[in-house]
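Student: Take this structure first; my questions come after.
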Amino acid sequence: MEVLGEPRNFIEEHIEKDLREGRNNQRIHTRFPPEPNGYLHIGHAKSIVLNFGIAEKYNGLCNLRFDDTNPVKENEEYIESIKRDINWLGYEWHETPRYAADYFEQLYEWAVKLVKMGKAYVCDLTPEQIAERRGTPTEPGQESPYRNRSVEENLDLLERMRKGEFPDGKKTLRAKIDMASPNMHLRDPMIYRIIHVDHHRTGDKWCIYPMYDFAHGQSDYLEGITHSLCTLEFEVHRPLYDWFLDQLVEGDYRPQQIEFARLNLTYTIMSKRKLQQLVEDGDVDGWDDPRMPTISGLRRRGYTPAAIRNFAQNVGIAKRENLIDVAVLEHKVREDLNIKAPRYMAVLDPLKVVITNYPEGQIEEMDIINNPEDDSMGSRKIPFSREVYIERKDFMEDPPRKFFRLAPGKEVRLKSAYIIKCEEVIKDEEGNITELHCTYDPETKSGADNAGRKVKGTLHWVSVDHAFKAEVRLYDRLFKDEDPGKNKNNFKESLNPESLKIIKNCMMEPALKDMQLENKMQFQRIGYFCVDHKHSTPGQPVFNQTVPLRDSWSKKSNQQKNQK
RNA sequence: UGCCCGAUGGUGUAAUUGGCAACACGUCUGAUUCUGGUUCAGAAGAGUCCAGGUUCGAACCCUGGUCGGGCAGCCA
C-alpha cells in the first residue's frame, strides 16, 4: 500500500534517524492503542494509517492494543466495532489484539517494586483533598501527609487495596516524585485507584485499576514497541512515561513517545464523548449514521477504505493545530469512486416527458456504458420508451442564458438515447408543470452516426413503464459551524437541521433493483450513492448519497443570482 | 503570573537541512466531453507572526517579543 520513498513527515525522519543510529536493534514496532469506549472516527483513521503505514514502510510490526484500564467506560461492543473498522480500512495487526488488562498482574508487581524502592505510597486523601493540594499550574502543590509511610505499611495497604478491603475512592497509590514540579503530571501522580466494577476481560479479579500513565508506557515496553505515537495533549505526560520506565526496567531498549497533532475536520466534531451524546440523545441514527465522522458512518455513507487512507496520507503529519476542509475528504472519495463506480440512471425529482412521435408501445433496449473511465466494466441495456422521466430542474420555462438543458423549443440529448425537442408544456389548473410533450429525432440514436448533430445538453432519464420507485437519502454537513467544537458547552446549537433529506419517490432504472448492500454507484449527473445496509430491504433498496458530483453549473447560477 | 508545544497563500503540508518558497484541496479562465462529471491547458493567491542579530546569503541559526494550543479527572 505504501510506497517507500523520502520521509513524508517529521516522525518518519525521526525513525530514519533511529535506524541510522541503530537504536533498539533497528526494530520498528508501532501500536494503535484505542480505549474501547466509543467508535473509531476519521481522526483515528489518521493515527491508524500513520501507525500501520510506518510498520509497513519500515518493515516493522504494528500491534492493536486496547487501552482498557477504566472498566466503567469500556465494553465489548466497542472492541468489536474497533476491530471491524481497522480491518475494513485494510489493515491487519500483528498477531492477536493486545489488552492493557493482560498486563494487570505485571503492572501490579511493578507497583510493588516502586513501593519497595520508596517511590510510591498509599494515600488516604479524598479526591477533593488531592485536588486542593495539587496546586495550580503557577503554584506548587503540597505534599500528602501520607507521603512518608513506611515501606511495610504501604505494602500492606496496597495488598489490602487489591483484596478489596476499602471502598471506591478511599485510598490511592501514588508515585513519589515532586509536588513542586512545574509539570503537573509529576506532582505525585496517581498509579492505582479503587473501582469495584467488573472488567470486560478480567471480570471481578481486580478492584484496583492502573491509571493511563502507569499502564501505557509499560505496555509499550512489554510489547516491544519502539515508537509510541500519540496526540499532542500527551506531550506533558512524556516525562512521566519516561520516569516510570527508568525506575522499573533495565537495559537499553526503550519505547519512545512522539506526539503529533490530531485531525480536525470542518463542520464536524471529533470528540468521542460528544459523538456518543449525539447517539444517546437520538440526534443521529446511531454511531454509523452516515452523517457521523465515524469510520462506520463513513462506510455506511459509501466512502471507500482507499479514499479514507488517501485522505489520511494527504493531510500529512505535523505538530501544529489544524482544521482540514471537509472538501479534501470529499475530493478523495470522488477521486476513488470516479474510477470504481458504475454509472446508473436515477431521477430524484421526476417530471414526465411524452415523446409524441415515438411509436406507442415500442421499447428499445439502449446500450449504455457502465463506466467511461474503465472500459473493462463493459456496458448494459436500458429500456427506452415513449414516456420517460427527467429531472424537474432540467427543465425551465424561461431559462437564463447558458442554460444547456430543456426549455420550450429547445433540444437536448437523452443520454444514450435520442435528441428530443420540447414542443409543449402541460400544466394543471394551478399552473404547475405536470408534463412535457416532446418530439424525438429518430436519426440521432446513440451510437449510430448521426450526421454530426450536436446539442449542448445531455440529460439522464428513466423509462416510465420500467422505472421503480425508491427512497434516496441526501446528506449535508452535520453542523452549520465550521468549527462546532469551539463552542465548548452547547455544540448542539449548531447542529444542521437540514443535514438529512429523505426523498421518497425517486424513479430508478430497473438494473438498480438488483443492487446489493453497500454497492456503490454513480447516479449519472447527480453524485455517488450506495445501498444503505440498515434501511434497505430485499428488492427495495434505500440509497445513501455519498457525495454529490462537482457542480459548476449550480455554482455559476448561484453567482448569477447573487449578482442581481 | 509557571511549564510544555506551535506559527509558511483561503485550508493543509513541503522546501534536498543556510541557496532566489513547492505540492494538494479550494478559487478563477479556457479546451475537450453523449455526465455543466472526468480529463487537459493555464491563472490568481504567501515573501514565511513581529523586531533585532549572525551570514555573501535566513522560512530554516541566535535573542527578545506577539499570538494560538495544551497542562490543575481517582478519564484516556
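Readers should treat all values here as calculations from the given coordinates under stated rules, not as data from a laboratory. These figures come from a predicted structure and were not determined experimentally. Backbone-built Cβ (ideal geometry, glycine too); neighbour counts: all protein chains shown.
Student: List the relative contact order of the range A:468-555 as a percent without decimals, with contacts defined as Cα pairs under 8 Å and 6+ residues apart.
Tutor: 32 percent
Student: Per residue, how much space in cubic angstrom lies within the convex hull of the C-alpha atoms of the range A:356-472?
Tutor: 151 Å³
Student: A further question on this structure: Run the numbers for A:R320 and A:S376: contour at 0.36 nm per residue of separation, minus the present Cα-Cα distance, in nm.
Tutor: Additional length available on full extension: 15.7 nm.
Student: Let me ask another. Name the long-range amide H neighbours of A:T546: under 5 Å, sequence gap of 5 or more, or other chain; modelled H, no Pro or chain starts.
Tutor: Excluding prolines and chain starts, which carry no amide H, the hits are A:Y528, A:F529, A:C530.
Student: Using modelled amide H (1.01 Å from N, peptide plane; none on Pro or chain starts), what sits under 5 Å from the amide H of A:I269, excluding residues fewer than 5 places away?
Tutor: none
Student: If you don't mind, another one. Can you tell me the mean projection area, over all orientations, of the convex hull of chain A's alpha carbons? Units nm², please.
Tutor: Projected area, direction-averaged: 32.9 nm².
Student: What pairs in A:K393/A:K456; A:K410/A:K504; A:K73/A:K205 have C-alpha atoms more than 24 Å from each other?
Tutor: Those over the limit are A:K410/A:K504.
Student: Right, something else. Going Cα to Cα from A:K57, which lysines come in below 23 Å? Please leave out same-chain ones fewer than 8 positions away.
Tutor: A:K17, A:K46, A:K83, A:K319, A:K332
Student: While we're here: If we count other beta carbons within 10 Å of each Cβ, what is the order of A:I426, A:I526, fewest first?
Tutor: Ordered by Cβ neighbours within 10 Å, fewest first: A:I426, A:I526.
Student: In deg cm²/dmol and to the nearest 500, what is the mean residue ellipticity at 222 nm of chain A if only DSSP H runs of at least 4 residues count, each as -39500 (n - 2.57), divided by the residue total?
Tutor: -8000 deg cm²/dmol
Student: If you don't mind, another one. I need the P(r) histogram for the range A:183-272: all alpha carbon pairs, bin width 5 Å from 0 out to the longest distance, whole percents.
Tutor: 3, 11, 18, 18, 17, 17, 11, 4, 1, 0
Student: How would you order A:321-331, A:301-311 from highest to lowest mean count of nearby Cβ atoms within 10 Å?
Tutor: A:301-311, A:321-331
Student: Given a cut-off of under 8 Å on Cα pairs at least six residues apart, what relative contact order in percent is computed for the range A:16-102?
Tutor: Relative contact order, the range A:16-102: 34 percent.
Student: Using alpha carbons only, how many degrees (0 to 90, rounded to 10) separate the axis of helix A:10-20 from the longest principal axis of chain A?
Tutor: Tilt relative to chain A: about 60 degrees.
Student: Consider a paramagnetic label point 7 Å from the Cα of A:V425 along Cα→Cβ; state which residues of the range A:386-408 have an amide N under 13 Å from it.
Tutor: Residues A:393-400, A:406-408 qualify, since their backbone N sits under 13 Å from the label point.
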